[in-house]
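What follows is a structure written as structure tokens; I'll ask about it next.
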Amino acid sequence: MTSISNFESLPDEILLEICKYLLCVDVLLSFDNLNTRMTCMISDYYHHVSLHKASYTQSYELCTKILPNIGAQIQTLIIDNCYSALQAIAFPKYFQNSMSICFPELQKIILVSFRPDPLLVFLKTLYNLEKLYTIDIRSLFRVPTNQQTEVLLALLQANNNRLTSVYMDDQS
């Protein structure tokens, strides 16, 4: 006796359990706009988007096709430069003049493994985001002494001086 299993016949609870083992990037790229049921099922992934371990190709797909469509729902955004060294450079190019339009609900942004120069460029894209009050910087590369004041000022003045919290881990 053979049994044929169909992915779509699985209940949402099982599919969501499977999604827990996937990266946010993989869930968004695989299930977004697949069908109405899958899109509804992964809607929680739209609120907290992580680009952790995203390849350059995946980042491109997200930034050009998915994030512009779900950006109005994103509350937390993680940009991780650790696995894809170009995220810190590419992301601002995609959204440099439209961050406040694309991400109106953004409340918190987490930046991982940024070098000082790309960080400064990125911080300049953060303006007029009415709900963005928190920046969390993790594993920041060493900031040269002659740039420390500039980086600190850029952090404190980001988003039109609206930030109420700036976090930096002990590796930054």
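The values are calculated or read from the model by the stated rules, or taken from the named source; none is laboratory data. Given the structure is predicted, the values throughout are model-derived calculations rather than measurements. As a convention, Cβ positions derive from the backbone with ideal geometry for all residues, glycine included, and neighbour counts pool all protein chains shown.
So the check is Cβ under 6 Å with 6+ separation or different chains; which pairs have a first residue in region 103-125 that's within 10 Å of PHE141 (Cα to Cα) and a second one that's among the small types (Gly, Ala, Ser)?
Cβ pairs passing all conditions: VAL112/SER139; SER113/SER139; PHE114/ALA88.
Looking only at region 17-45, filter to residues that are assigned to a helix (DSSP H, G or I) and hydroxyl-bearing (Ser, Thr, Tyr); which one of those is farthest from SER84 (Cα to Cα)?
The selected residue is THR36.
May I ask you to verify whether ALA154 is surrounded by fewer than 21 Cβ atoms within 10 Å (Cβ to Cβ), over 20 Å from GLU61 (Cα atoms), of a type in the set (Gly, Ala, Ser) and touching a Leu at 6+ places or on another chain (Cβ under 7 Å)?
yes
Could you look through region 4-25, keep only residues that are touching a residue at least 12 places away in the same chain (Cβ under 8 Å) and surrounded by fewer than 18 Cβ atoms within 10 Å (Cβ to Cβ), and pick out the one that is nearest to TYR94 (Cα to Cα)?
LEU23
Applying the selection to region 35-48, what residues are closer than 18 Å to PRO68 by Cβ and either more than 12 Å from the chain's Cα centre (by Cα) or among the hydrophobic types (A, V, I, L, M, F, W, C) (or both)?
Hits for region 35-48 are THR39, ILE42, SER43.
Looking only at region 46-61, count how many residues are modelled with pLDDT of 95 or more and part of a helix (DSSP H, G or I).
1
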